[in-house]
1. Which is modelled with pLDDT of 80 or more and over 25 Å from ASP222 (Cβ atoms), of ALA76, ALA83?
2. Given the conditions (1) at negative phi; (2) crowded, with 22+ Cβ neighbours inside 10 Å, which single one is not true for ARG119?
3. When you go through SER58, SER132, SER118 one by one, which is the residue that is out of contact with any helix residue (DSSP H, G or I) (no Cβ under 7 Å at 6 or more places or on another chain), in contact (Cβ under 8 Å) with a residue 12 or more places away in the chain and not assigned by TED's automatic domain parsing to the domain that holds ARG306?
4. Strands (runs of 3 or more DSSP E) wholly in region 216-298 with at least 1 residues that are exposed (fewer than 12 other Cβ atoms within 10 Å of the Cβ) and modelled with pLDDT under 95 - which ones?
5. For region 140-175, give me the residue count where each residue is under 24 Å from ALA83 (Cα atoms) and without any contact (Cβ under 8 Å) to a residue 24 or more places away in the chain.
6. Which ones in region 231-288 are touching a Pro at 6+ places or on another chain (Cβ under 9 Å), in the same structural domain as PHE111 (by TED's automatic domain parsing) and basic (Lys, Arg)?
7. Can you name every residue in region 176-191 that is in contact (Cβ under 8 Å) with a residue 24 or more places away in the chain and either touching a helix residue (DSSP H, G or I) at 6+ places or on another chain (Cβ under 8 Å) or part of a loop (DSSP other than H, G, I, E, B) (or both)?
8. Within the set of pairs 6+ apart or on separate chains, which have a first residue in region 379-407 that is among the aromatic types (Phe, Trp, Tyr), a second that is assigned to a helix (DSSP H, G or I), and C-beta atoms under 8 Å apart?
Amino acid sequence: MSAAIAAEQPPQYEREPRGSKLDLYKPNIQALLNETPDLSAVRRQEILEGEGYQGKISILKQYVQQVRPQFKPPEAFLRMTYAPGEFGQVDWAELPDRVLHQGVPCKVYAFVMVLCYSRELYVEFSLATQLSDFLRCHQNALRVFGGSPKTNVYDNLTSVVLTRRGADVTFNENFLAFAGHSCFEPKACWPYRPNEKGVVERPIDYLKRNFWAGRTFRDFDDVIAQGRRWLERANQRIHGTLKERPGDRFAYECTMLTPLPTASLHTDWVLFPRVTKDCVIRVATNDYSVPWRLARQRVEVRVDARAVRIYHEGKLAAEHARSYGKYRQISNPQHYAGLWNRKPSAHLVRVHQLYRETYGEVGERFFQGLSRATIHLEQALADLVARSETYRREDVQRAMEWAMQQGRSDPAVVRLLLIPAPTTRPAPLSVALSPEVEGRDLAVYDALAGGVR
């Protein structure tokens, strides 16, 4: 007690440091990092648990984070140089903001292609990124360049690569047909290696910062118009790496590109749906009307960036502006012209209209009771209209009035009232007209009857 009183500070308890459950396994961890620096934490824990480790993954991750830099040096890349006409790089870019198209806010994408030697840039804006859009934009880029590089480099987007296992790449068949038609070899980058197509990655960032940022767009057409003017200036700027104008270098590189075939490849999205009973076909989530005579028939649908065209037996049957909205109904009223006249209810409407024109207000009052009294309304109306061909309209209306007074809105009553009563009785037969009868012996009749009994 005296020692505690004499001390300048209160006594403090100090626990002896305890070892971590990880200490015994640190050499194993370092050996794993030396062999495979990118091994996942979950897989690393599984290996250590097989060796007896019972600690949590959190302290394992913390330790690996501290020591990994010793085993994995920072990445460094060699700047590539490209020969004229040898390589091009292609990618999609999703732009930050939506713009209006047909009154609907839509996402905007940019197809970007760069020639690696000259850095000549091609940009085309699109509202969709499926295969048909990709091929259409790609073909437009090659046309603008006036030819194709020998090799084009892509990310592993589904329009290009179906499956990949290491270096074994299965390309999309339709894309391969396009590449063969356009006379170039496709090359797919390794996954998660954007440096392999850095020539196109940097222009995408440049597009977002230099074109999209700080601008406003009235609609999608305005994006296209402003983008065209911006692209002309972008290809005439002094390139930051080359210190030359891409347009000047392209003037030489375009002579080294592989010429394109004279015939263009069809890049439309082609469908073969059956027209529904309500006379529409569906593209994505939107319904487009088709002339009603094609209901339940198979048609060919071709979709490009602007239009949906519907063909039947090789002839254009309908055309609509392509909608990029969701669950919309795009209809042309002319596609249903004449359909109403073919429906059973249309016959009743026409007969009722003729009935009203014939009998006016009296007929309409009679119709109110008639419609409640019979289920064969169309037949009853047609019968009443037919009366006007035999009797005067005023007579039919009077018959209707009398029937309604008796509470009988019945066409049979009207017909009965219209039958005229006899006005004169037939004249009796004159006695003078009695014919003379020849006299005969009654025995003749007795003989015919078998004799008198």
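The values are calculated or read from the model by the stated rules, or taken from the named source; none is laboratory data. Because the structure is a prediction, the values reported are computed rather than measured. All Cβ positions, glycine included, derive from the backbone under ideal geometry; neighbour counts span all protein chains shown.
1. Being modelled with pLDDT of 80 or more and over 25 Å from ASP222 (Cβ atoms) holds for just one of ALA76, ALA83, which is ALA83.
2. So ARG119 meets the others, but not (1).
3. On the way: SER58 fails: in contact (Cβ under 8 Å) with a residue 12 or more places away in the chain; SER118 fails: out of contact with any helix residue (DSSP H, G or I) (no Cβ under 7 Å at 6 or more places or on another chain).
Testing whether each residue is out of contact with any helix residue (DSSP H, G or I) (no Cβ under 7 Å at 6 or more places or on another chain), in contact (Cβ under 8 Å) with a residue 12 or more places away in the chain and not assigned by TED's automatic domain parsing to the domain that holds ARG306 leaves just SER132.
4. Correct list: empty, since no element meets the threshold.
5. Here the count works out to 2.
6. Across region 231-288, the qualifying residues are ARG237, ARG249.
7. Those that are in contact (Cβ under 8 Å) with a residue 24 or more places away in the chain and either touching a helix residue (DSSP H, G or I) at 6+ places or on another chain (Cβ under 8 Å) or part of a loop (DSSP other than H, G, I, E, B) (or both): PHE178, SER182, CYS183, PHE184, GLU185, PRO186, CYS189, PRO191.
8. These pairs meet every condition: TYR391/LEU418; TRP402/LEU417.
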